[in-house]
1. Consider segment 405-416. How many of its residues are open to solvent by 10 Å² or more (accessible area, probe 1.4 Å) and closer than 15 Å to Thr428 by Cα?
2. So which residues in segment 100-114 are in contact with a Ser or Thr (Cβ under 7 Å, 6 or more places away or on another chain) and either open to solvent by less than 20 Å² (accessible area, probe 1.4 Å) or modelled with pLDDT under 80 (or both), if there are any at all?
3. Quick check: anything in segment 79-87 surrounded by fewer than 21 Cβ atoms within 10 Å (Cβ to Cβ), at pLDDT 85 or above and not in a loop (DSSP other than H, G, I, E, B)?
4. Inspect segment 549-558 for any residue being closer than 23 Å to Ser444 by Cα and either open to solvent by less than 70 Å² (accessible area, probe 1.4 Å) or touching a residue at least 24 places away in the same chain (Cβ under 8 Å) (or both) and give the result as yes or no.
5. Being touching a Ser or Thr at 6+ places or on another chain (Cβ under 6 Å) and at pLDDT below 85 is the filter; apply it to segment 262-293 and report the residue that is nearest to Met551 (Cα to Cα).
6. For segment 31-75, which residues satisfy the criterion of being open to solvent by less than 20 Å² (accessible area, probe 1.4 Å) and under 30 Å from Lys260 (Cβ atoms)?
7. I need the full set of residues from segment 216-265 which are among the charged types (D, E, K, R) and within 22 Å of the chain's Cα centre (by Cα), in order please.
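The values are calculated or read from the model by the stated rules, or taken from the named source; none is laboratory data. From a predicted model like this one, the values you see are computed outputs, not experimental measurements. In this analysis, Cβ positions are derived from the backbone assuming ideal geometry, glycine residues included, and neighbour counts consider all displayed protein chains. SASA here: full protein model, heavy atoms, side chains in, ligands and nucleic acids out. Shrake-Rupley method; radii C 1.70, N 1.55, O 1.52, S 1.80 Å.
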Amino acid sequence: MKGNHQQSSVLSALSKQNLISLDSIDEIVEDFVGKNKPFIRYLIENKELDPVSVAKVLSKSFGYPQIQLNLFDMNSIPEGVRNEKLISKHNALPLYLRGKVLFVAMSDPTNLDALEEIQFNTGYSTELILCDEKSLQACIEKVLEDESSALEISDADSDELAGIDVEDSEKSDNNAVSDDDAPIVVFINKILLDAIKKGASDLHFEPYEKSFRIRFRIDGILTEIARPPANLASRMAARLKVMSKLDIAERRVPQDGRIKLALSKKKSIDFRVSTLPTMWGEKIVMRILDSSSAMLGIDMLGYEPEQKEIYMEALEQPQGMILVTGPTGSGKTVSLYTGLNILNTQERNISTAEDPVEINLEGINQVQINIRAGLTFPSALRSFLRQDPDIVMVGEIRDLETAEIAIKAAQTGHLVLSTLHTNSAAETLTRLLNMGVPSYNVASSVSIIIAQRLARRLCSQCKEPEELTEMQLAEQGFPADKLSEIQLYKPVGCTHCTAGYKGRVGIYEVIKISPTIASIIMEGGNSLDIATQCQKEGYNNLRQSGLKKAMSGMTSLAEVNRVTTG
C-alpha cells in the first residue's frame with residue numbers, strides 16, 4: 001500500500017504537467033507490480049518520457065533542489081559513504097558532505113526509505129537532491145566500476161595516516177622523515193583529514209608564548225580543535241612548509257604555497273597555505289579548496305526563485321557585466337564559478353584572471369595573477385581581449401584601470417563577471433563611480449548586481465520554536481501582514497550538528513539595472529537613492545531576504561542579525 005501511494009503521488013505530479021494521462025495512473029501502478037527496477041526508470045522506459053522533464057516536474061512538485069550530475073565531479077564523492085550495496089539497492093548516489101549532512105542524489109523523491117537506510121549506515125544526516133534518471137544511472141555505473149582503493153576520510157590508524165602522499169612535492173623532503181618527526185607527520189595528516197571530514201573551510205595553526213592552538217572554521221565560525229604542546233609549534237610549521245614546498249629556513253617574511261593531498265589514485269584535495277611571522281613563531285592558515293562546491297548547480301545556493309531567474313537571464317545575455325559583492329567568506333567565488341559552469345560549453349571561450357586561482361575548472365582558461373612578474377588584472381584583461389573571448393571573469397575589481405577595461409569588454413560584446421567588496425548592491429554602483437568610472441559607463445554596462453552573505457543553517461534534528469511577540473517581530477522588520485503567522489526557530493545543539501547549526505545557506509540581494517535605476521546613476525544619485533528605487537521595484541535587500549530564510553525555518557533570527565547587521 002505504501003509503495004502504491006508513493007507511485008500515485010509521482011504520477012499525479014506528472015499528470016498535472018501533462019506528461020502522462022490522469023486516466024492511466026491506476027493502470028501504470030498495476031502494471032508496475034513485480035517489475036524489478038526503479039519506478040522512475042520504469043516510467044521513462046515504458047512511457048517514453050524525457051528524463052530531464054520528469055526531474056524538473058518532480059523537483060518543483062516535491063520541493064527538492066535539482067542537480068545536473070553531468071557537472072559533478074564523481075571523484076570528489078567521499079570514499080567513506082560509497083556503499084555499493086545501498087547504491088544499487090536504492091538507485092541512490094551519495095554525493096558530498098556539508099558538515100555532518102550527506103547529500104544524496106536520487107530520481108525518485110518518494111524513496112525516503114533509501115535516505116533512512118543510508119543515514120543509518122553512514123551515521124550522517126541525509127538530504128535529498130533530485131536528478132534525472134538517465135544521468136543518475138550513468139553516474140552510478142561509473143562509481144560502481146571504480147575499483148580504486150581510496151583512503152576513507154575517517155579515523156585511520158597511524159600507518160594509513162603516514163602513507164598519505166603529497167603530490168608534486170620533493171620526494172626527498174616527503175620521505176626522509178626522522179624517527180622524531182614521524183609522530184608529527186601522523187598528527188598533521190590526522191588534522192588535515194579531520195578538517196575534510198568535518199567540512200571545515202580553513203585551518204589555523206597558532207603559536208603563542210606558552211601554548212599552541214589549532215582551530216577549524218566550520219560553517220563560517222572558528223572552533224578550537226586541539227592544543228598540542230607549545231614546543232611542537234616550530235616542528236609542525238616546518239612540516240607544513242615542506243608539504244607546501246616553502247622555504248623552511250625563512251621565518252621572517254610571509255610565504256604562500258599550496259598542497260595537493262592525494263587520498264587515493266583518483267581523489268585529491270587542494271589546500272592554499274599562508275604563513276605569517278608572529279611574536280612566538282609562524283602562524284599558518286590553510287584554506288581547503290573544494291572543487292565540488294562549484295559543481296552543485298544554482299539550485300543548491302539558496303537563491304529565491306525570482307532571484308535565480310534574474311541571474312540566469314543575465315548569464316544568457318551575450319554581453320554586459322555581472323557583479324557579485326560581499327565580504328570575504330560570503331561565497332562570492334562559488335556564485336561566480338556556478339555561473340561559469342553553466343556557461344562552460346564547447347561553443348564558448350572563457351578566460352578568468354584570479355588572485356589566487358582557488359578552484360580548477362576544465363574547459364576554462366584560468367590565469368593566476370603574479371604582480372611581481374608584471375601579470376596584473378589590467379594586463380591579463382588586455383591579453384584576454386586579444387584572445388577572442390566570449391566570457392571574461394575578473395577575480396576582483398580593485399582599481400580604476402581594471403574597472404575601465406572590464407567595462408570596455410562588457411560594452412564590446414563580452415559577458416564579464418567580477419566581484420567587489422561592498423556591503424550592498426546599491427553601494428557597488430557608487431563604489432564604481434567613486435573609483436572614477438563615468439556614470440554613463442556604469443549605467444550602460446552593468447546588467448545585475450548580487451550582494452550576498454552566508455548564514456548558518458539550523459540543524460533539522462534539534463532546532464526548536466522561538467517565541468517572539470508580534471511587537472518584537474515588527475521591530476525586527478518582518479512583514480506587518482504576516483506577524484500572526486510567523487514561526488521562528490532557534491538552535492539547540494546535538495550530536496548531529498555544531499552548536500545547533502549544520503551547513504550554510506546563502507542570503508542574497510539580486511538587483512537588475514532597470515532604466516529607472518540607470519537614470520538615477522546618470523543623474524549622480526547616491527546609494528540611498530538607488531536602494532530606495534530598488535525597494536520600489538520590488539527587490540528584496542539582504543535584510544529582507546534573510547528574514548525570509550528565518551521565516552522558512554532555514555536559519556535563526558540571531559544568525560540573520562549576525563550576517564546582515566552593520
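1. Number of matching residues: 0.
2. Filtering segment 100-114 for residues in contact with a Ser or Thr (Cβ under 7 Å, 6 or more places away or on another chain) gives 100-102, 104, 110.
The answer is Val101, Leu102, Val104, Thr110.
3. Looking for residues that are surrounded by fewer than 21 Cβ atoms within 10 Å (Cβ to Cβ), at pLDDT 85 or above and not in a loop (DSSP other than H, G, I, E, B), one finds at least one in segment 79-87, hence yes.
4. No; the residues of segment 549-558 include none that is closer than 23 Å to Ser444 by Cα and either open to solvent by less than 70 Å² (accessible area, probe 1.4 Å) or touching a residue at least 24 places away in the same chain (Cβ under 8 Å) (or both).
5. If we take residues in segment 262-293 being touching a Ser or Thr at 6+ places or on another chain (Cβ under 6 Å) and at pLDDT below 85, then Ser292 is nearest to Met551 (Cα to Cα).
6. Answer for segment 31-75, where residues must be open to solvent by less than 20 Å² (accessible area, probe 1.4 Å) and under 30 Å from Lys260 (Cβ atoms): Ile67, Leu69, Phe72, Met74.
7. Arg217, Asp219, Arg258, Lys260, listed by residue number.
Residues are listed down the side, and each one gets a yes or a no for (1) closer than 30 Å to Ile218 by Cβ; (2) buried (at least 20 other Cβ atoms within 10 Å of the Cβ):
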position	(1), (2)
Glu309	no, no
Glu313	no, no
Gln317	no, no
Gly339	yes, yes
Pro356	yes, no
Leu361	yes, no
Gln368	yes, no
Gly374	no, no
